Amino acid sequence: MLGEYRIEGRRASEIAASVERAVGAGELQPGEVLPPLRELAVYLEVNPNTVASAYRTLRERGVIETAGRRGSRVRPRPASTVREVALGPVPPGVRDAASGNPDPALLPALGPALAEAAARSAEQPTLYGAPAVGTELERLARAAFDADGVPSGPIAVASGALDAMERVLGAHLRPGDAVAVEDPGWGSLLDLIPGLGLRAVPVAVDDDGPLPEQVGRALKEGARALVVTDRAQNPTGAVLGSGRARELRKVLAGHRDVVLIEDDHGHDIVDLPLHPLAGATDHWAFVRSAAKAYGPDLRLAVLAGDDVTVDRVRGRQRLGPGWVSHLLQDALVHLWRTGAVDPKAVADAYGRRRGALLDALAARGISARGRSGMNVWIPVPDETGAVARLLHAGWAVAPGARFRMHSPPGIRVTIAGLAESEIPALADTIASAIEPREARRYD
């Protein structure tokens with residue numbers, strides 16, 4: 001049964017645990033096909049319904065996937081495997097253009113903000129029973145949402161964008177439901193969806209955002225939720241334009257029951273205007289993370305949404321962590337109030353580096369995408385070979401497999417930590433890595 005590995009167990013929970021244990025230990029490899037459930041039932045001398053229940057549990061945990069008559073197989077990347085960890089650390093002496101981190105030099109100092117938050121806590125400690133969202137944070141967030149055209153609605157606070165998305169999806173969907181997602185798109189979200197027992201439906205993206213016809217197709221085929229990145233789309237840098245927003249609103253008008261989630265992690269690092277879709281469906285959530293502009297360790301995102309969605313998110317949050325620390329909330333209030341980040345200066349800094357790399361690649365005959373944000377997406381014929389050759393040359397970039405479902409191969413280069421003087425050499429190296437036999441040096 002599956003070569004040397006023997007699936008064991010008499011109960012569904014035991015069978016599922018046996019498979020999950022083997023996947024975690026590497027004894028069952030990604031893509032390996034599991035036995036047909038009736039065959040395994042005969043082998044284990046159990047009812048086929050018991051094996052079916054075990055396989056259903058494994059699907060809901062994101063360990064396996066089922067492809068109709070092709071049977072069940074171990075997912076290419078089980079949901080318990082974090083993509084960044086699976087790739088391993090950047091080797092010493094190699095320049096990191098892979099991790100997707102912001103430039104530390106463009107992040108504000110957190111010391112004064114945390115000191116003020118601690119002083120406020122000393123005067124008036126946050127105790128059990130306090131509101132989950134600080135009054136001042138809610139006021140400032142609501143004013144910013146109003147200015148950006150996000151519809152009126154209650155506010156919640158989550159521990160980052162992914163936490164907010166998980167809570168919204170959990171508030172409305174059940175295992176087996178389909179979620180329309182950008183392809184290529186954010187790798188962590190692509191892992192989260194099967195981890196929740198949900199099914200991702202890919203939607204192609206161009207520089208203006210998700211393609212309306214593909215969104216319409218996904219929703220007609222039964223997708224119960226849609227996740228859209230408004231700006232600095234990861235990994236392509238797409239920005240939802242006004243025309244595309246109008247088209248998507250028309251599509252969503254015919255699917256009012258769809259849960260719409262918008263990710264605005266590019267707030268305060270992108271100076272292009274926001275064109276929100278929020279309110280186009282009955283249930284929606286607009287998520288604004290502080291990670292890229294103020295620091296990943298701040299672990300805070302504000303979420304606006306319709307009454308039902310936010311009420312469910314807050315209710316489930318009360319049964320878990322209770323609330324996001326008011327120390328962090330007050331620190332973000334300090335940063336917002338004092339203008340600790342100059343969005344235009346940050347956007348200009350990233351824009352210069354991004355533009356320099358795009359121009360240098362174009363001069364070498366290489367097309368790439370990067371309209372906003374910290375990343376450049378480069379289509380390649382062989383991403384495994386390109387990543388390996390770049391690593392050998394001293395550059396770590398992210399393989400497109402981390403972000404793709406059905407879209408063509410590519411690599412993602414994070415420009416946040418690059419000096420503009422490095423970019424010509426990097427472009428030369430990318431050209432050599434993509435077409436090693438035809439590589440040339442450029443002045």
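Bear in mind these aren't lab numbers, they're just calculated from the coordinates by the rules spelled out. Predicted model, so just to flag it, every value in this text is computed and none were measured. Note that we place each Cβ from the backbone using ideal geometry, even for glycine, and neighbour counts take in every protein chain shown.
Under 19 Å Cα to Cα from Lys220, which lysines show up? Leave out anything in the same chain fewer than 8 places away.
Lys220 reaches Lys250.
Any chance you could run the full-extension gain for Asp282 through Arg337? It's 0.36 nm times the residue separation minus the Cα-Cα distance, nm to one decimal.
Values: separation 55, 0.36 × 55 = 19.80 nm, distance 3.26 nm.
That pair, Asp282 and Arg337, stretches by 16.5 nm at full extension.
So what J values fall out for region 230-244 if you push phi through Karplus, 6.51 cos²θ - 1.76 cosθ + 1.60 with θ = phi - 60°, rounded to Hz, Gly and Pro as x?
6, 8, 6, 3, 9, x, 8, x, 4, 10, 6, x, 5, x, 5
Of the listed peptides 152-159, 39-46, what is their order by residue-averaged count of other C-beta atoms within 10 Å, with the highest listed first? Before the final figure, lay out the partial values.
On the way: 152-159: 20.2, 39-46: 16.0.
Order by mean packing, descending: 152-159, 39-46.
Quick check: pseudo-label points 7 Å beyond the Cα along Cα→Cβ at Ser152 and His392, how many nm apart are they?
Here the answer is 6.3 nm between the modelled labels.
Using the C-alpha gyration tensor of region 313-443, what are the square roots of 5 times its eigenvalues, in whole angstrom, with the largest one first?
Values: eigenvalues 272, 85, 27 Å².
Value: 37, 21, 12 Å, ordered largest first.
Rounded to the nearest 0.05, what FRET efficiency do Glu27 and Arg316 give with R0 = 35 Å and r taken as the Cβ-Cβ distance? Could you check? Walk me through the numbers on the way to the answer.
Working: r = 35 Å, r/R0 = 1.01.
Result of the calculation: an efficiency of 0.50.
Lys/Arg Cβ at +1, Asp/Glu Cβ at -1, dipole of region 12-74 taken about the Cα centre: which of Thr66, Val42, Ala54 is farthest positive-ward?
Projecting each Cα onto the dipole axis, the largest value belongs to Thr66.
Could you give the nm distance between label points at Ser121 and Asp207, where each point is 7 Å from its Cα heading toward the beta carbon?
About 4.6 nm, to one decimal.
Below 18 Å, Cα to Cα, which lysines can Lys292 reach? Residues fewer than 8 away in the same chain don't count.
Qualifying lysines at Cα under 18 Å: Lys344.
When the dipole is taken about the Cα centre of region 111-337, and only Lys, Arg (+1) and Asp, Glu (-1) are charged at their Cβ, what size is it in debye, to the nearest 20?
On the way: 23 positive and 31 negative charges, 108 e Å.
Charge dipole, region 111-337, about its Cα centre: 520 debye, nearest 20.
Quote to one decimal, in nm, the extra length available between Lys220 and Glu39 on full extension: 0.36 nm per residue of separation minus the C-alpha distance between them.
Once the chain is fully extended between Lys220 and Glu39, it gains 61.6 nm.
Rg (Å, one decimal) plus Dmax (Å, integer) for the alpha carbons of the chain?
For the chain, the Cα-based Rg and Dmax read 23.1, 70 Å.
Measure off 7 Å from each Cα along the Cα-to-Cβ vector at Ala362 and Arg246, then give the distance between these two points in nanometres to one decimal.
About 2.7 nm separates the two model spin labels.
Loop by DSSP (not H, G, I, E, B), at most 14 other beta-carbon atoms within 10 Å: where is the longest site-free stretch of the chain for trypsin sites (Lys or Arg not before Pro)? Please report the intermediate quantities before stating the final value.
Details: sites that count: Arg6, Arg10, Arg11, Arg256, Arg440, Arg441.
Looking at the chain, 12-255 is the longest stretch - no exposed trypsin sites (Lys or Arg not before Pro) with at most 14 other Cβ atoms within 10 Å.
From the backbone phi of region 385-392, what are the Karplus-calculated ³J(HN,Hα) couplings (6.51 cos²θ - 1.76 cosθ + 1.60, θ = phi - 60°) in whole Hz, Gly and Pro given as x?
x, 5, 5, 5, 5, 5, 4, 4
Per 0.36 nm of contour for each residue apart, how much would the distance between Leu114 and Val90 grow if the chain were fully extended, relative to their Cα-Cα spacing? Spell out each step's value before the answer.
Values: separation 24, 0.36 × 24 = 8.64 nm, distance 3.09 nm.
Value of the extension gain: 5.6 nm.
Projected onto the charge dipole of the chain (+1 at Lys/Arg Cβ, -1 at Asp/Glu Cβ, origin at the Cα centre), which of Val258, His392, Pro321 gives the Cα projection farthest towards the positive end?
Val258
What 222 nm value per residue comes from the helices of the chain, counting each DSSP H run with n ≥ 4 as -39,500 (n - 2.57) and dividing by all residues, nearest 500 deg cm²/dmol?
Details: 16 runs with 179 residues, N = 443.
That calculation yields -12500 deg cm²/dmol at 222 nm.
So if we plug the beta-carbon distance of Asp257 and Thr135 into 1/(1 + (r/R0)^6) with R0 = 35 Å, what FRET efficiency do we get, rounded to 0.05?
On the way: r = 34 Å, r/R0 = 0.96.
With R0 = 35 Å, the Cβ-Cβ based efficiency is 0.55.
Tell me, what ³J(HN,Hα) does each residue in region 303-309 have, in order and in whole Hz, if you take phi through Karplus 6.51 cos²θ - 1.76 cosθ + 1.60 with θ = phi - 60° and put x for Gly and Pro?
Coupling constants for region 303-309: 10, 10, x, 6, 4, 5, 4 Hz.
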